[in-house]
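*Asks:* Structure in structure tokens, see below.
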Amino acid sequence: MKLITAVIKPFKLDEVRLALADVGVQGLTVTEVKGFGRQRGHTELYRGAEYQVDFLPKVKLEIALDDAQVSRAIDAICKVARTGKIGDGKLFVTDLSQAIRIRTGESGPDAL
Amino acid sequence: MNRNNNLALLLGKRELGHGRTLVSLLVMLAFMFLPLLASAQEAAAAAPPAPVPNKGDVAWMLVSTLLVIMMAVPGLALFYGGLVRSKNILSVLMQVMVGFSLLVVLWCLYGYSLAFSEGNAYVGGLSRLFLNGVFDPATGAFANAATFSKGVVIPEIVFVAFQGTFAAITACLIVGAFAERIRFSAALIVMVIWFTIAYLPVAHMVWFWMGPDAYTSADVVADMNSKAGFIWQMGALDFAGGTVVHINAGVAGLIGAIMIGKRIGYGKEAMPPHNLVLTMIGASLLWVGWFGFNAGSALESGNFAALAFLNTFSATAAACLSWTLIEWALRKHPSMLGAASGAVAGLVAITPACGNVGLMGAIIIGLLAGVVCFWGVTGLKKLIGADDALDVFGVHGLGGILGALLTGVFNNQALGGPGLVTDWVTASVGSAPIMAQVLIQAKAVLITVVWTSIGSFIAFKVADLLVGLRVPEDEEREGLDTTSHGERAYSA
């Protein structure tokens, strides 16, 4: 099993969710995060106080998948989340050693 | 005989015999007494019945008072609240609401007496302690307070209430300077001491006088003048409190900010406003409420209330505009905080001017206030170097000084102003030479600045000695809401 962690631009969330459903991915977890890579931040001015804001709002998805689905899911996410401009985000794949469905107690790929 | 004949001639009658002499004598006597009769009627007319409040004036003044209360809670509270970090918003709301409440009570107990009763040129007396005499339960009589028109009065209770809101909200303005690090008990102690030794005397000096009905003839003028406040006697013009409220609080705020020291992380950590929506709501409530503050300072419903009203409207709009435009030009983005701050700056500057300047003068004052106070919160703030967290000096102090000085300029009838009363016996109006009046205004500003600097220093010093001005560092880091008040404003 694998865990995909993808940080994308917030407005891309709906498209990515639909694209994942199309390739058979059932569930995902979404968090609102802040981050930056090469994308520049901006300056905010409040009366006399100037703030350089480096962090930009992003959305993080965490998806637990069977090994077989991983490459299709990666393709779906990247194709849909890409705008071609700096700040599109990054996707990480990590090994998932265990997964459990809490309601039934199923474990392993059956839990996904 | 000769007299009768003359009388007969006067009356156009023929020469009379003895029988008619008695009648003529009686008629003559009657005519002699006629002037006495007439003068008796004149005497009755010379002592007119005591003036009675007009229902329209009372209704307007009660509404004005309500509007100023709304300026404090929630207006000022939200304006300041949105500007601080979310972990501190409740502390600001508390300092305003509880401070306001505390001072209204003290106003009723002794504040009103020390500000608005006869004492000396610097402070009032104790004749109205516990509001003694304002209402007499034995007779059911309600005392009256003078306005600026002869023969026009309002119930003194109304005047007490109206002025009480002024005293209370002025002290709450200072909250902005020491926000996010002051100990709650210290805030209250500062407000009480400052109210007593700085606000009350300045209010007395600028606004206390014997009223227009005391100026009955030329020979009482000098005596009546001598009973008035020191700054009033100088001839300074301050319609609704440029000196008493804004310069007073602005300087107190600056002194407090210097004495309490900077917030932890100031200049290094980000501490932007956490909710500018609340700040905008607060600024809007301040604008609407300020019509009560300014137009209500006419003390009656009528032409000068109307003048103050429109001036408060136009100057504020002009200042909002000028701050927005200058920010747009200099910093690329016209901001909500700028627009709201501009409006408040205009309101501050027009406060001493509203009933004292003409309609175009008000707009000029507003345009200048937006620009000058923009500098006050940017360039000047950097120069001074203190952490006046919510720019009490930059907006209220500087705006108040600007407004007070420009009142001296635009009061002049040659510049469209209404002029001033040159003789309260006849209520005749004229204009002082502009430079002369500006000089008087400047002196009033200077006296206020010096008096309140000393008073503020004492207030903050005593609070520091009694309880300590600041909260401990870890409490400041965690936030005053949880550590001082045991509450969280936002559950998320």
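What follows is calculated from the coordinates using simple rules that are stated; it is not laboratory data. It should be emphasised that the depicted structure is a prediction, and the values quoted were computed from it without experimental measurement. Here the Cβ positions follow ideal geometry from the backbone for every residue, glycine too, while neighbour counts run over all protein chains shown.
*Asks:* I need B:80, B:215 ordered by Cβ neighbour count within 10 Å, fewest first.
*Replies:* Neighbour counts put them in this order, fewest first: B:215, B:80.
*Asks:* Expressed as an acute angle from 0 to 90° and rounded to the nearest 10, what is the orientation of the C-alpha long axis of helix B:303-331 relative to the principal long axis of chain B?
*Replies:* Approximately 20 degrees, to the nearest ten.
*Asks:* How far apart, in nm, are the 7 Å Cα→Cβ label points at residue B:143 and residue A:106?
*Replies:* 8.6 nm
*Asks:* Dipole of the range A:2-111 (Lys/Arg Cβ +1, Asp/Glu Cβ -1, origin at the Cα centre): which of A:111, A:7, A:35 lies farthest to the positive side?
*Replies:* A:35
*Asks:* Moving on to the next point. Running a GNM on chain A with Cα contacts under 10 Å, which residue among A:65, A:91, A:20 ends up with the highest mean-square fluctuation?
*Replies:* A:91
*Asks:* May I pose another question? Among B:60, A:77, B:264, flag the residue with its Cα farthest along the positive direction of the charge dipole of the protein assembly as shown, charges on Cβ as +1 for Lys/Arg and -1 for Asp/Glu.
*Replies:* Checked the options; the winner is A:77.
*Asks:* Then there is this: What's the extension gain from residue B:383 to residue B:477 if we count 0.36 nm per residue and subtract their Cα-Cα distance?
*Replies:* Result for the pair: 31.2 nm of gain on full extension.
*Asks:* Shifting gears a bit: Over 23 Å between Cα atoms: which of B:332/B:381; A:12/B:332; A:90/B:332; A:34/B:262; B:268/B:381; B:55/B:150 fall into that group?
*Replies:* Cα-Cα > 23 Å for A:12/B:332; A:90/B:332; A:34/B:262; rest within.
*Asks:* Just to verify a number: FRET efficiency for residue B:446 and residue B:227, C-beta to C-beta distance, R0 = 25 Å, to 0.05?
*Replies:* Here the calculated transfer efficiency is 0.60.
*Asks:* Hey, another quick one. Quick one: Cα convex hull volume of chain B, Å³ per residue?
*Replies:* Value for chain B: 180 Å³ per residue.
*Asks:* Please report the spacing between the Cα centers of the range B:236-291 and the range B:51-74 in Å, no decimals.
*Replies:* 25 Å
*Asks:* What per residue convex hull volume, in Å³, do the alpha-carbon atoms of the protein assembly as shown yield?
*Replies:* Taking the convex hull of the Cα positions in the protein assembly as shown, it is 244 Å³ per residue.
*Asks:* Next question, about the same structure. To the nearest 500 deg cm²/dmol, what mean residue ellipticity at 222 nm is calculated for chain A from DSSP H runs of n ≥ 4 alone, each contributing -39,500 (n - 2.57), summed and divided by the residues?
*Replies:* The helix contribution divided over chain A gives -6000 deg cm²/dmol.
*Asks:* Based on the mean of other beta carbon atoms within 10 Å per residue, what is the order of B:461-471, B:362-372, B:380-390, B:129-139, most packed first?
*Replies:* Descending packing order for the listed peptides: B:362-372, B:380-390, B:461-471, B:129-139.
*Asks:* Another question about this same structure. What is the magnitude of the charge dipole of the protein assembly as shown about its Cα centre, with +1 placed on the Cβ of each Lys and Arg, -1 on the Cβ of each Asp and Glu, and no other charges, expressed in debye to the nearest 20?
*Replies:* Dipole size: approximately 800 debye.
*Asks:* In addition: Taking just the alpha-carbon atoms of the range B:140-201, what radius of gyration and Dmax come out, in angstrom?
*Replies:* According to the Cα coordinates of the range B:140-201, Rg and Dmax are 16.3, 51 Å.
*Asks:* Determine the calculated [θ] at 222 nm for chain B from helices alone, applying -39500 (n - 2.57) to every DSSP H run no shorter than 4 residues and normalising by the residue count; nearest 500 deg cm²/dmol.
*Replies:* After summing the helix terms and dividing by the residues of chain B, the value is -19500 deg cm²/dmol.
*Asks:* I would also like to ask the following. For the range A:2-111, give the magnitude of the charge dipole about the Cα centre (Cβ charges: +1 Lys/Arg, -1 Asp/Glu; no others), in debye to the nearest 20.
*Replies:* It comes to approximately 400 debye.
*Asks:* Using the Kirkwood formula over every pair of different C-alpha atoms, what hydrodynamic radius in Å results for the range A:2-111?
*Replies:* Roughly 15.6 Å, rounded to one decimal.
*Asks:* While we're looking at this one, here's another question. Any idea what the dipole of chain B comes to, in debye rounded to 20, about its Cα centre with Lys/Arg Cβ at +1 and Asp/Glu Cβ at -1?
*Replies:* 500 debye
*Asks:* So, in Å, what gap is there between the alpha-carbon centers of the range B:122-166 and the range B:324-380?
*Replies:* For the range B:122-166 versus the range B:324-380, the Cα centre distance is 36 Å.
*Asks:* How much FRET efficiency would the formula 1/(1 + (r/R0)^6) give for residue A:95 and residue B:457, where r is the Cβ-Cβ distance and R0 is 45 Å, rounded to 0.05?
*Replies:* Calculated transfer efficiency: 0.10.
*Asks:* Same structure, new question: Relative to the longest principal Cα axis of chain B, at what angle does helix B:336-350 sit, 0 to 90 degrees, rounded to 10?
*Replies:* On a 0 to 90 degree scale, this one is about 30.
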